[in-house]
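Structure record follows, encoded as structure tokens.
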Amino acid sequence: MQQAFIEQEGFQCGYCTPGQICSAVALLTELRAGDASLVTADLARTGPVMPTEDELRERMSGNICRCGAYVGIVGALRQVIQRT
Ligand code: FES
């Protein structure tokens, strides 16, 4: 995840980055466990949750990035999801 943040430019000043990375790792665990979020469309499904844009942004929404590096953060998440 750290390497993906670097490659996708998921930070600028880096102040929020440790929290973003911790949340990102937890997000992956939640998706794989099938944990629902506020935007999960199908609550009756079983198995992993699809990592839609809404799911990623909702699950990371507790972390504020004053630099606005959200596009890179989502890019890092997508990179890790695709490689694992
Ligand atoms: S990278 Fe600066 S606050 Fe997020």
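Since every read-out is calculated from the coordinates, none of them should be taken as a lab result. Everything numeric here is computed off the predicted structure, so don't read it as measured data. Cβ: placed from backbone, ideal geometry, glycine included. Neighbour counts: every protein chain shown.
Computed from Cα positions, the angle between helix 70-83 and the longest principal axis of the chain comes to roughly 60 degrees.
Computed on the Cα atoms alone, the convex hull of the chain gives a volume of 79 cubic angstrom per residue.
Result for the chain in a Gaussian network model with C-alpha springs under 10 Å: among A44, A36, A24, the largest mean-square fluctuation is at A44.
Exactly which trypsin sites (Lys or Arg not before Pro) in the range 33-84 are in a DSSP loop and have at most 14 other Cβ atoms within 10 Å? Numbers along the way, then the final one.
Values: sites: R45, R57, R59, R66, R78, R83; in loops: R45, R66.
Of the trypsin sites (Lys or Arg not before Pro), the ones in loops of the range 33-84 whose Cβ has at most 14 other Cβ atoms within 10 Å are R45, R66.
For the chain, a Gaussian network of Cα nodes joined below 10 Å ranks L38, L28, L56 by mean-square fluctuation, and the top entry is L38. Adding -39500 (n - 2.57) for every DSSP H run of four residues or longer, then dividing by how many residues the chain holds, sets the calculated 222 nm ellipticity at -16000 deg cm²/dmol. Here the label points at V71 and E9, each 7 Å from Cα along the C-beta direction, are separated by 0.8 nm in the simple model.
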